[in-house]
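Visitor: Once you've had a glance at the structure underneath, I'll fire off some questions.
The values are calculated or read from the model by the stated rules, or taken from the named source; none is laboratory data. Note that the coordinates shown come from a computational prediction; the quantities given were computed from them, not determined experimentally. So basically every Cβ, Gly included, is an ideal-geometry build from the backbone, and we count neighbours across all protein chains shown.
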Amino acid sequence: AAVEKGNYRHFMQKEIFEQPTVVAQTLASYIHRADNAVALPQVDFDLSTVKRITIVACGTSYYAGMVAKYWFETFARVPVDIDVASEFRYREPVLEEGGLALFISQSGETADTLAALRHCKEEGQTIGVVVNVPTSSMAREADLLLPTHAGPEIGVASTKAFTCQLAVLAALAAHLAVRKGRMDRAEEQEVVRHLLEAPAALNAALDFDDDIASMAHLIAPARDVLYLGRGPDYPLALEGALKLKEISYIHAEGYASGEMKHGPIALIDESVPVIVLAPSGPLFEKTVSNMQEVRARGGKIVLISDEEGLADAGEGCLATIAMPKVHPLIAPLVYAVPVQLLAYHVACAKGTDVDQPRNLAKSVTVE
Ligand code: G6P
């Protein structure tokens, strides 16, 4: 049956709002509710022997991979390499024996990613695939198939597939940590408990839709927008910038907060909004200093943080967006919502074709 928009104006909007449901659906297939343990579907694959993980993907899926690198290294202490697929094969990557090559793709058909997968297969890597289309080429060629259950994604700019990828990757990181002896049962249960809080937190984030819609006019006139984030929220800054440029055609760049002083700070003046993604936590104060650097140059800040962060640093911002206070593990999932909604509402304010942005394709099957 054809997928319908229902009461939504655009598929992208509908897909943003589906996230609590589809993330819950995806998590359900990776979590054993009876004992709050992570269970990988389909293959009983021994991850305890994995020495190195190579992640390859494109676009939004690549940013999901960047978040996962933080998780795999922090939780499981397994070293991770990550590349965009179009670069991967041509740099003659060193692939050690016993490595897991992990491909992340909504469609499972992106030509560069598929070519990278085949290269790794020839090199004897174990092939893991996080994919939303279970009948896709990548799914068929996987040793370890990890499906996302986002349902069909129609909007060209990926939204719900991204948060479902993050859900699968977080579960995989916890499973890997257990198999590597880096996480005991109690810690695993704790992580699982936080993962299961994600759908409610996504709902809470979606509650700010009206607030975000009403501030879209502040961003719509900008020629350039900067997104800043740290740690696992740094890839979210990249994703926020990608979403904005894809559908509103505003030039945007994502930067690691601490790297701003090495370049982008030169661009800052009153006309460049700076979107700061910063959940409160140990590194929050460092981000506050970065915000001061922006302010000292007349820059206007939109701070996306939780109540604690907003109380600490919200004053003097052009606008603030309040997120629920969540465990750092699920913050990248939750902070995906405001960046998606902001791009969506800015694009609507500019009157662009949100679901079919110019020059872009849903699935890129040419190299
Ligand atoms: C295209 C789409 C993006 C997507 C990327 C990777 O560029 O417009 O939204 O993130 O391809 O696609 P994949 O299906 O491999 O995740």
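Visitor: Go through (1) away from the ligand (no atom under 16 Å from the Cβ); (2) part of a helix (DSSP H, G or I); (3) of a type in the set (A, V, I, L, M, F, W, C) and name the single condition VAL339 misses.
Guide: Going through (1) away from the ligand (no atom under 16 Å from the Cβ); (2) part of a helix (DSSP H, G or I); (3) of a type in the set (A, V, I, L, M, F, W, C) one by one, VAL339 breaks only (1).
Visitor: On to the next question. Run ARG52 past the list (1) out of contact with any strand residue (DSSP E or B) (no Cβ under 7 Å at 6 or more places or on another chain); (2) at pLDDT 95 or above; (3) among the basic types (Lys, Arg); (4) under 28 Å from ARG230 (Cα atoms) and report the number of the one that doesn't hold.
Guide: (1)
Visitor: Which one of ALA101, ALA115 is under 20 Å from PRO147 (Cβ atoms) and either assigned to a helix (DSSP H, G or I) or more than 13 Å from the ligand (Cβ to nearest atom) (or both)? Before the answer, list the steps.
Guide: Details: ALA115 fails: under 20 Å from PRO147 (Cβ atoms).
Exactly one residue qualifies, and that residue is ALA101.
Visitor: Same structure again: Taking the range 9-38 on its own, how many of its residues are more than 23 Å from the chain's Cα centre (by Cα) and in a loop (DSSP other than H, G, I, E, B)?
Guide: Summing the residues that are more than 23 Å from the chain's Cα centre (by Cα) and in a loop (DSSP other than H, G, I, E, B) in the range 9-38 gives 5.
Visitor: In the range 79-98, how many are surrounded by 16 or more Cβ atoms within 10 Å (Cβ to Cβ) and assigned to a loop (DSSP other than H, G, I, E, B)?
Guide: Here the count works out to 2.
Visitor: Check off (1) outside any loop (DSSP other than H, G, I, E, B); (2) in contact (Cβ under 8 Å) with a residue 60 or more places away in the chain; (3) of a type in the set (A, V, I, L, M) for VAL274 and give me the number that stays unchecked.
Guide: Result: VAL274 passes all but (2).
Visitor: Let me ask something additional. Among GLY254, GLY240, which is the only one that is assigned to a strand (DSSP E or B), of a type outside the set (A, V, I, L, M) and buried (at least 22 other Cβ atoms within 10 Å of the Cβ)?
Guide: Numbers: GLY240 fails: assigned to a strand (DSSP E or B).
Selected residue: GLY254, the only one of GLY254, GLY240 that is assigned to a strand (DSSP E or B), of a type outside the set (A, V, I, L, M) and buried (at least 22 other Cβ atoms within 10 Å of the Cβ).
Visitor: In the range 148-157, what count of residues is obtained for those that are under 14 Å from VAL23 (Cα atoms) and buried (at least 24 other Cβ atoms within 10 Å of the Cβ)? It would help to see each step written out before you state the result.
Guide: First pass over the range 148-157, keeping only residues under 14 Å from VAL23 (Cα atoms): 148-153.
From the residues that got through so far, the ones that are buried (at least 24 other Cβ atoms within 10 Å of the Cβ) too are 148, 150, 153.
Summing the residues that are under 14 Å from VAL23 (Cα atoms) and buried (at least 24 other Cβ atoms within 10 Å of the Cβ) in the range 148-157 gives 3.
Visitor: Test VAL43 against the criterion of being at pLDDT 95 or above, over 17 Å from PRO332 (Cα atoms) and either more than 16 Å from the ligand (Cβ to nearest atom) or in a loop (DSSP other than H, G, I, E, B) (or both), and give yes or no. Break it down stepwise before answering.
Guide: Numbers: at pLDDT 95 or above: no; over 17 Å from PRO332 (Cα atoms): yes; either more than 16 Å from the ligand (Cβ to nearest atom) or in a loop (DSSP other than H, G, I, E, B) (or both): yes.
So VAL43 fails the test.
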